[in-house]
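What follows is a set of notes on a single structure, which appears directly below.
Here, each number is a calculation from the coordinates, and none is a lab measurement. Just so you know, these numbers come straight off a predicted model, no measurement behind them. Quick reminder, even Gly has a Cβ in these numbers, built from the backbone with ideal geometry, and neighbours come from all protein chains shown.
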Amino acid sequence: MTKKEIILIYGARQTGKSTLLKMLSEKPESFKIFNCEQSDVYEALTEKNFSKTETMFDGVKIIALDEAQTIPEIGKILKLLYDDDRMNYKIIATGSSSFELSNRAGEPLTGRNISFTLYPLSINEISEHNGWLNTIEKLNDLLIFGSYPGIIELNATEKREKLLSLSSDYLFKDIFKFEQIRNSEVLRKLIKALALQLGNLVSYQELATLTGVAKQTVERYLDLLEKSFIVYKLGSFSGHLRNELRKRNKYYFYDTGIRNAVINNFSDITGRVDTGALWENFCINEIIKKDQYERIYSNFYFWRTYNGAEVDLVKEVDGKITAYEFKWSSKRKPKIPMSFSEKYNVSEYTVLSPKDLYLLR
């Protein structure tokens, strides 16, 4: 906050970006939030009329531009504000779609910005508020309903209604608005297919056949879903072995509640056929959140060979490899595949079951 660089805060809708700005604005500094969807703010910025913006920003030291992705050429505008010595502001900009904000802000702002991603609540944040024992007791609930801040303290019926509402068109609002998707039904079919294939290898050609569109269209839609912070992909880790899978991807959801809403399945964990996949998705999410918030710059992959040997998650940091296996229930502790450990310098191998939940803090 004390440095000049522009702060970019990304994250899906409803993850708390606006709330975070309000919390920051309560500090004693001269801080004001401008909603870029409001007509006066939108016009002043899009017209690049800096006499208007000077008047609008008069007396403000810290400017927060909420929903900045709605402004065309926002990157160029932020660059001009940053480079103008007369305008000595600290600027924070939030956006719910990185295809809009980063694409428009990224290149012009090279060397001028620091970016953060705001995720649904982490298990550490939840435990700080509710206590660790209570958080452990609510694990099943987290797998079913996820951890969006506006959902986590509702009752089960309210959670279901809210998640179904979010997963209809609201989360796709930026895609529909900025990318002019003509056939929303294809997008819904695609995300449902991803939800049903959670944790499995994804074939773009198979998805194209299922949705009735070209493979290139499927790849474009998947890219948009990623840049809207709805899903993310893990690529395959490979390097030494001939029989390793290469150029294959798995897709996971940023929030398991949204995933379950997409297929409209909020049944209890007991007896579900996808419990293992939900646990895997949940654990990977928590590991990513922890590293992101601690500013650990990790690369994440999965590993698999054609003969069936696999590692659920491979984390690589500065050449060091940590391997993870996720088991919802296991009578015996699995061992790291010998073909993996012999070929790669694995610094740590961790097996995570619900009794190991504390390791995700």
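Sorted largest first, the spans of the alpha carbon positions of the range 6-117 along the three principal axes are 33, 32, 29 Å.
Sites listed here are GluC sites (Glu not before Pro) in the range 282-361 whose DSSP assignment is loop and whose Cβ has at most 13 other Cβ atoms within 10 Å: Glu294.
Ranked by how many other Cβ atoms sit within 10 Å of their own Cβ, fewest first, the residues Leu24, Leu81 fall in the order Leu24, Leu81.
So what is the relative contact order for the chain, in percent, with contacts set as C-alpha pairs under 8 Å and at least six apart? It would help to have the intermediate numbers written out before the result.
On the way: 556 pairs, mean separation 53.2, N = 361.
15 percent.
Ranked by the mean number of other Cβ atoms within 10 Å of their residues, highest first, the peptides 168-176, 250-258, 138-146, 295-303 come out as 250-258, 138-146, 168-176, 295-303. Highest mean packing first, where packing is the average number of other Cβ atoms within 10 Å per residue, the peptides 33-45, 262-274 line up as 33-45, 262-274.
If you count the DSSP beta bridges with both ends in the range 223-349, what percent of them are antiparallel, to the nearest 5? Display every interim value, and only then the final one.
On the way: 16 of 21 bridges.
The answer is about 75 percent antiparallel.
Here the alpha carbons of the range 202-268 define both size measures, Rg and Dmax, at 14.4, 42 Å. Beta bridges per DSSP, both residues in the chain: antiparallel share near 40 percent. Here the sum of -39500 (n - 2.57) over DSSP H runs of 4 or more residues, divided by the residues of the chain, equals -11500 deg cm²/dmol at 222 nm, to the nearest 500. Once the mean 1/r over all distinct Cα pairs of the chain is inverted, what Kirkwood radius in angstroms do you read off? Computed over the chain, the radius equals 22.1 Å.
Placing a pseudo-label 7 Å from each Cα along the Cα-to-Cβ vector at Thr209 and Glu137 gives an inter-label distance of 4.9 nm.
Compute the FRET efficiency between Thr270 and Arg188 as 1/(1 + (r/R0)^6), taking r as their Cβ-Cβ distance and R0 = 35 Å, and round to the nearest 0.05.
Numbers: r = 29 Å, r/R0 = 0.82.
For Thr270 and Arg188, the calculated efficiency is 0.75.
Ranked by the mean number of other Cβ atoms within 10 Å of their residues, highest first, the peptides 85-94, 154-163 fall in the order 85-94, 154-163. When both the range 329-359 and the range 145-175 are represented by their alpha-carbon centers, they are found 33 Å apart. Subtracting the Cα-Cα distance of Asn243 and Asp169 from their residue separation scaled by 0.36 nm leaves 22.5 nm. Potential lengthening of the chain between Lys355 and His129 amounts to 79.3 nm, from the contour at 0.36 nm per residue minus the alpha-carbon distance.
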